[in-house]
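Comments concern the structure below.
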Amino acid sequence: MFCMKCGAELVPGEKFCHNCGQKITTDSFNAPSENKPDKPKNKSVITIIIVAVVSALIGAAVVFFLTDKPTEPSVDNTTASVYDNNSSIDDYEHTTDAQEILTTTGADNEYEEVVTTEAITEPLTTTEQPSEPEYIEFTSDLQYNVNVFLSNFSESGLESFYDRPSDENLARFSKWYNFMNRHLTTVEWDEEDADFPYDMASSGFNFRISEDYGIEAVEKFFGIKLEKGFGKGFENYKDGYFYDQFTGASYSQGFTIVSSLKNKGDGIYDAEFVIYETSDGIDSPYYSYTSEQIRNDMSTPGNYYISSSGYGTARFKATDINDRSTYKLIGYDVTRTR
């Protein structure tokens with residue numbers, strides 16, 4: 001029951017409203033008046049706010065999940081490298097129209113994945129070279145050329161090397177190559193040279209060879225350019241000369257006969273050879289011998305014998321295998337065992 005005037009709730013039995021003093025009639029016990037104030041709204045307001053916030057959060061979540069779908073990969077044919085996003089396909093070899101660059105962007109990084117749908121069958125570079133070493137058939141001229149070339153090293157006592165000859169090895173070669181092959185123009189004798197140092201002559205040396213001839217020979221046969229003074233400490237070197245003694249006795253000279261020659265490709269050749277010696281001196285026809293010819297001549301006792309250096313292998317470069325002046329030695333191995 002409510003007061004018709006103020007709307008206050010009435011206590012049964014009251015004749016006057018305890019709140020405003022309005023006389024209570026029977027109508028007072030019917031429905032509350034239209035002017036009755038609303039019930040307290042505090043709880044209702046809080047409830048409405050909570051519902052609104054929850055609704056907003058749910059709505060935001062729905063929008064987020066609906067709009068955060070992964071984007072379709074985009075095809076970009078203007079990028080050809082995973083290392084340079086600014087490079088064009090033209091900057092790289094063997095890229096094709098079938099190559100796609102897929103770009104994926106994440107929260108923390110960006111990367112590119114190269115997908116090639118067409119295999120590249122052509123190599124980046126093409127070098128004409130045999131798949132396996134090819135044995136070369138000797139002509140008489142080729143046999144002579146390789147025999148003469150390698151005899152320069154057997155006659156001068158070159159020691160084995162596998163990368164670059166040591167300066168000591170080159171000093172020995174340059175002195176004895178010039179003595180054995182160019183002594184008429186390169187050797188200076190003490191009795192003929194007024195400038196021959198007295199202290200070297202008194203030490204028993206009777207000839208010398210300028211290191212300039214040695215530098216020239218090393219460049220010719222090895223393709224190595226040496227500086228003056230390279231021979232210091234080797235082969236009796238002093239003040240730009242190599243000194244030694246020649247007694248006039250007969251020297252056993254070794255010459256090389258090549259038994260096989262392989263083309264390794266790219267102008268590289270491998271030779272197998274045998275070093276022979278004779279006490280009779282080497283005559284130019286010997287350099288034309290084949291392995292079979294030298295074996296036949298060895299059937300006559302005393303003519304030739306296999307050197308203590310024995311069998312060996314050599315590797316050399318040549319821009320023209322038929323032109324001995326283009327040969328350059330890059331590896332040399334001599335051993336007694338086969």
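The values are calculated or read from the model by the stated rules, or taken from the named source; none is laboratory data. Everything numeric here is computed off the predicted structure, so don't read it as measured data. Positions of Cβ are backbone-derived with ideal geometry, glycine not excepted, and every protein chain shown enters the neighbour counts.
Before moving on, here are some points about what is shown:
- Considered as a group, the residues in segment 268-305 that are modelled with pLDDT of 75 or more and among the aliphatic types (A, V, I, L, M) include one that is surrounded by the fewest Cβ atoms within 10 Å (Cβ to Cβ), and that residue is I268.
- Test: D333 is at pLDDT 90 or above, more than 20 Å from S140 (Cα to Cα) and touching a strand residue (DSSP E or B) at 6+ places or on another chain (Cβ under 7 Å): yes
- Residues in segment 211-267 that are among the basic types (K, R) and more than 13 Å from A171 (Cβ to Cβ) were compared, and the one that is surrounded by the fewest Cβ atoms within 10 Å (Cβ to Cβ) is K225.
- Matching residues, segment 148-206, being assigned to a helix (DSSP H, G or I), crowded, with 20+ Cβ neighbours inside 10 Å and not hydrophobic (A, V, I, L, M, F, W, C): S151, N152, S154, E155, R172, S174, K175, Y177, N178, T186
- Test: residue in segment 203-219 that is within 30 Å of P285 (Cβ to Cβ), in contact with a Leu (Cβ under 8 Å, 6 or more places away or on another chain) and touching a residue at least 24 places away in the same chain (Cβ under 8 Å): yes
- Scanning segment 217-274 for residues that are under 25 Å from Y144 (Cβ atoms) and either outside the structural domain of F173 (by TED's automatic domain parsing) or more than 38 Å from the chain's Cα centre (by Cα) (or both) turns up Y251, S252, Q253, G254, F255.
- Pairs, first free of Cβ contacts under 8 Å to residues at least 24 places away in the same chain in segment 304-333, second part of a loop (DSSP other than H, G, I, E, B) and surrounded by fewer than 13 Cβ atoms within 10 Å (Cβ to Cβ), C-beta under 6 Å, six or more apart: T326/T319; T326/D320
- Count of residues meeting criterion [under 36 Å from the mean Cα position of the chain (by Cα) and among the small types (G, A, S)] in segment 131-150: 1
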